[in-house]
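Here's the structure, in structure tokens; my notes come after.
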Amino acid sequence: MLLSLASIPFLYLTLRVRSISGEELLAILFRPKTIEIILNTFTLAIVVATLAVLIGTLFASLIFSSNFRSRGLLLAISALPLAIPSYVFTYCWIAIWPNFRGFWAAALVLTFST
């Protein structure tokens, strides 16, 4: 049941793509805005993955290799992305800083919610 509901958007897109010609599809896929969006998406994914690995490695080394008083707090903070859904986390950022927008804002929020 859930799988069939989840497949509705994919089926809709498949039907829409099949209803246009190959030339129209290529024109849509290779227009400048589409290429810009795809490049931004890949760049964002690379930046977020890199920052998440760096921050995760730093937190792991601080938590397990050192002995300081706030270790438990740091461990709890590092588990927050598992407890808070990313859309709630993002909404909180938008509510606190409404003008916090753009590529680096998205990269920061996605990194901290990963």
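Nothing in this text is a laboratory measurement; each read-out follows from the coordinates by a stated rule. Just so it is clear, the model here is predicted, and its values are computed rather than measured. Virtual Cβ from ideal backbone geometry, glycine too; neighbours counted across all protein chains shown.
Tell me, what is the percent relative contact order of the chain, built from C-alpha pairs under 8 Å that lie six or more residues apart?
RCO, the chain: 30 percent.
Taking θ = phi - 60°, what integer Hz values does the Karplus form 6.51 cos²θ - 1.76 cosθ + 1.60 yield along region 81-93, in sequence order, with x for Gly and Pro?
Per-residue couplings from phi come out as x, 6, 8, 9, x, 5, 5, 5, 4, 5, 4, 5, 4 Hz.
Using a 10 angstrom Cβ neighbour count of at most 14 plus a DSSP loop assignment to flag exposed trypsin sites (Lys or Arg not before Pro), which longest range of the chain is free of such sites?
1-68
So which chymotrypsin sites (Phe, Trp or Tyr not before Pro) in region 1-56 end up in coil per DSSP with only 11 or fewer other C-beta atoms within 10 Å?
Phe30
Just how far, in whole angstrom, is region 45-79 from region 16-41 if you go by their alpha carbon centroids?
Taking the Cα centre of each part, region 16-41 and region 45-79 sit 40 Å apart.
Which of Ser7, Ser19 has the fewest other C-beta atoms within 10 Å, and how do the rest follow up to the most?
With the fewest neighbours first, Ser7, Ser19 line up as Ser19, Ser7.
Do the sum for the chain: with -39,500 (n - 2.57) for every DSSP H run of n ≥ 4, divided by all residues, what is the mean residue ellipticity at 222 nm, to the nearest 500 deg cm²/dmol?
My calculation for the chain gives -25500 deg cm²/dmol from helical runs alone.
Can you work out the Karplus-derived ³J(HN,Hα) for every residue in region 51-62? Use 6.51 cos²θ - 1.76 cosθ + 1.60 with θ = phi - 60°, whole Hz, and x for glycine or proline.
These are the phi-based 3J(HN,Hα) values: 5, 5, 5, 5, 5, x, 5, 4, 4, 4, 5, 5 Hz.
Under the Kirkwood approximation applied to all pairs of distinct alpha-carbon atoms, what is the hydrodynamic radius of the chain in Å?
Evaluated over the chain, this radius sits at 17.8 Å.
Only Cα pairs within less than 10 Å get springs; with that Gaussian network setup on the chain, which residue of Leu25, Leu75, Leu51 has the largest fluctuation?
Leu25
Arrange Phe59, Phe64 by Cβ neighbour counts within 10 Å, fewest through most, would you?
Listing Phe59, Phe64 from fewest to most nearby Cβ atoms yields Phe64, Phe59.
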